[in-house]
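Heads up, the thing below is written out as structure tokens.
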Amino acid sequence: MAQDTTAPIEPKNNDYSADDIQVLGGREAVRRRPGMYIGSTDQRGLHHLVYEIVYNSIDEAMAGCCTKAVVTLHKDNSVTVMDNGRGIPIDIHPATGISALETVMTVLHAGAKFGGKTYQVSGGLHGVGASVVNALSSWLKARVRRDGKVYQQEYRQGIPQREITEVGTANDTGTTITFLADAEIFTETSYDFNTIRERLQEMAYLNKGLEIKLEDEANDRNRTFYFEGGIIGFVRHLNRNRSVRHHHPVYISRQINSTIIEAALQYNDGFADNTLSFANCVNTIDGGTHLTGFRSALTRILNDYAHKNGFLKENASNLIGDDVREGLTAIISVKLAEPQFEGQTKGKLGNIEMKSLVESAVGEELALYLEEHPDDAKRIIDKCLTAQKAREAARKARDLIIRKSTLDTGTLPGKLADCSEKNPAHCELYLVEGPSAGGSAKQGRNRRFQAILPLRGKIINVEKAAPDKMLANQEIRTIITALGAGIDDDFNSEKLRYHRVILMTDADVDGSHIRTLLLTFFFRHMPDLIHNGHLYIAQPPLYRTKAKKQDHWVYSDQEQEELLKQLAGTRKIVVQRYKGLGEMSAEQLWETTMDPATRTMLLVTVEEAAKADSIFSILMGEEVPPRKAFISAHAKSVKNLDI
Ligand code: 0RA
């Protein structure tokens with residue numbers, strides 16, 4: 001293979017005139033409104049550039065023409081994506097005089113048809129992103145290895161600097177694209193290794209047999225992902241910290257014309273549904289037709305099997321969706337020619353035909369699997385029946401709470417110091433750990449719009465407890481009643497009594513333990529509270545540093561280090577470290593942590609359900625060894641976490 005350098009391109013005598021630039025369909029549009037094409041111009045958008053190019057290599061892999069992609073993050077923040085695909089064609093269209101390569105690199109939404117030929121990228125999924133990346137790069141260099149030669153074209157801000165030139169000989173085929181994101185466009189131009197690593201790992205799981213390598217030259221580290229079993233490995237990976245019900249994940253794969261459907265599933269002993277859905281390697285966080293088809297097949301087939309084999313008596317009530325999804329880890333991945341992504345965040349697959357395609361593929365193959373693996377089938381059905389029983393018990397417990405609670409009697413929990421404001425949009429609820437801190441918070445608050453709920457006993461670990469046990473826990477019941485919006489499927493954001501729910505815990509071991517427990521509870525049982533941006537974490541100060549008759553409130557160790565540097569030479573410095581909220585007076589608590597004018601709070605988001613879920617189950621689940629491993633690996637960032 002020809003040697004590749006990443007040095008910036010010298011300005012060349014431009015063979016391109018302004019007229020030629022007319023054909024640069026979309027360059028200006030992309031530069032004017034980058035967010036429309038890559039979502040944003042922060043680091044997230046920056047990462048998108050890399051993914052867009054990798055998608056092209058994945059298309060090649062799906063066409064059976066590429067086995068390897070290498071992503072290299074260079075020291076100067078340029079990035080190279082190299083693959084061993086067919087190489088972007090370089091032949092020139094006689095009418096336009098423009099090569100296929102240049103078309104791919106400069107024309108927005110250039111499909112697979114150009115240069116008078118139709119390049120059938122079978123199952124081609126994306127393949128539109130290269131021109132967007134090019135338009136948003138201060139320079140980009142495309143090298144193609146094809147027909148024994150290496151061809152190259154260079155661009156600046158998407159504009160070709162000259163014709164394609166032959167620069168060497170090659171003994172394989174493929175494409176190498178190196179680009180530097182344009183600092184005029186992006187607010188951040190350096191990449192986060194771990195974010196890219198996770199996404200590439202996901203892509204490798206979703207494309208079995210494709211090797212994806214990530215190299216970080218600045219820090220001299222690299223990772224290679226290759227999964228022969230594809231999403232089977234993905235499911236094993238998600239279940240790695242859980243005890244599983246059956247050893248081998250169920251795997252379903254079917255191709256209908258150019259549409260590919262794959263699913264893998266494995267039950268564990270937990271209670272959560274951990275199903276991830278993808279369309280063309282994009283995580284459809286809001287599901288869609290493929291997920292609906294998958295779920296309906298699962299419920300139908302497990303009911304059929306349970307009835308046919310005497311697990312469910314004739315007049316017993318059917319398993320419902322929640323019963324068959326408890327402790328389920330599953331991936332449903334579809335690849336289709338023209339995906340329609342819907343919803344505000346485009347996180348939902350809309351192609352209507354996918355529902356029945358997935359439903360019959362999963363239905364038929366799952367039925368077959370159960371017939372052929374009666375031991376696994378029994379373990380799975382047992383799990384569903386247990387879930388059904390627990391659900392019925394939980395329903396009874398819940399009815400009891402609801403009957404006893406404010407919804408019926410109008411009484412709020414006695415411990416709640418409510419606010420006077422009635423419009424939930426203006427109301428805040430502080431969940432405060434410990435009675436003494438609760439006292440300061442009650443005194444320090446603005447009682448017009450701030451309510452305080454002190455939490456006393458330990459919150460139950462909802463990951464370990466069955467749903468009926470969880471609902472029997474006093475602290476949990478108090479929280480549910482105070483919020484007034486119900487729980488699980490009954491949760492209704494519109495009934496929420498406070499639009500800001502703020503966790504305020506000590507900066508010590510117990511405090512972070514309680515915070516993790518509360519986060520787990522909300523994540524599992526009121527996910528909409530998080531999705532709709534209602535959940536926050538208060539940020540009390542770590543230190544008060546007195547110098548030159550001035551108080552400095554300091555919120556992190558790093559900040560403290562900097563302050564002490566600044567104060568070097570000052571004679572009298574008194575540093576007080578706050579371990580508990582109770583150590584602050586009511587006024588101090590207000591000033592540092594609760595006053596909307598001066599406080600900082602963290603908004604809790606569930607960016608990647610899979611990631612959060614895995615941390616939750618590592619931290620809160622049954623299996624001890626992975627928890628230990630996680631804690632030692634993250635000892636610094638979670639040093640306060642007692643688990
Ligand atoms: C158009 C047509 C063909 C391949 C590609 C584009 C292609 C694009 C990229 C971008 C990065 N790597 C890539 N690899 C291939 C089909 C070529 C043929 O039929 O020979």
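Across all Cα pairs in segment 240-303, the calculated P(r) in 10 Å bins from zero up to the longest distance comes to 16, 49, 31, 3 percent per bin. Rounded to the nearest whole Hz, the Karplus-based 3J(HN,Hα) values (6.51 cos²θ - 1.76 cosθ + 1.60, θ = phi - 60°) of segment 40-51 follow the sequence 7, 10, 8, 5, 4, x, 4, 4, 4, 4, 4, 4, with x at glycine and proline. If you take all other residues with their beta carbon under 10 Å from the beta carbon of Ile252, and give Lys and Arg +1 and Asp and Glu -1, the sum is -2. Grab the other residues whose beta carbon is less than 13 angstrom from that of Arg146, score K and R as +1, D and E as -1, and report the net. Within the 13 Å Cβ shell, the charges total -2. All C-alpha pair distances within segment 133-267, sorted into 5 Å bins from zero, spread as 2, 9, 11, 12, 15, 15, 13, 10, 7, 4, 2, 0, 0 percent across the bins.
Phi angles across segment 442-447 convert, under the Karplus curve 6.51 cos²θ - 1.76 cosθ + 1.60 with θ = phi - 60°, into 3J(HN,Hα) values of 4, 6, x, 5, 8, 6 Hz, Gly and Pro given as x. The orientation-averaged projection of the convex hull spanning the C-alpha atoms of segment 449-589 amounts to 10.2 square nanometres. The largest-to-smallest principal axis extents of the Cα set in segment 337-399 are 42, 40, 14 Å. Sorted ascending by nearby beta carbons within 10 Å, beginning with the fewest, Lys149, Lys422 become Lys422, Lys149. One quarter of the surface of the convex hull around the alpha-carbon atoms of segment 195-351 equals 11.8 nm², the direction-averaged projected area.
Here His531, His525 are placed in order of increasing Cβ neighbour count within 10 Å, fewest first, which gives His531, His525.
Charge tally around Glu365: other residues with Cβ under 12 Å, Lys/Arg +1 each, Asp/Glu -1 each, net -4. Of the residues Met354, Met203, the one with the fewest other Cβ atoms within 10 Å heads the list, and the complete ranking is Met203, Met354.
The numbers here are math on the coordinates, done by the rules we state, and not lab data. All values reported here derive from a predicted model rather than from experimental measurement. Positions of Cβ are generated from backbone atoms using ideal geometry, with glycine treated the same way; all protein chains shown enter the neighbour counts.
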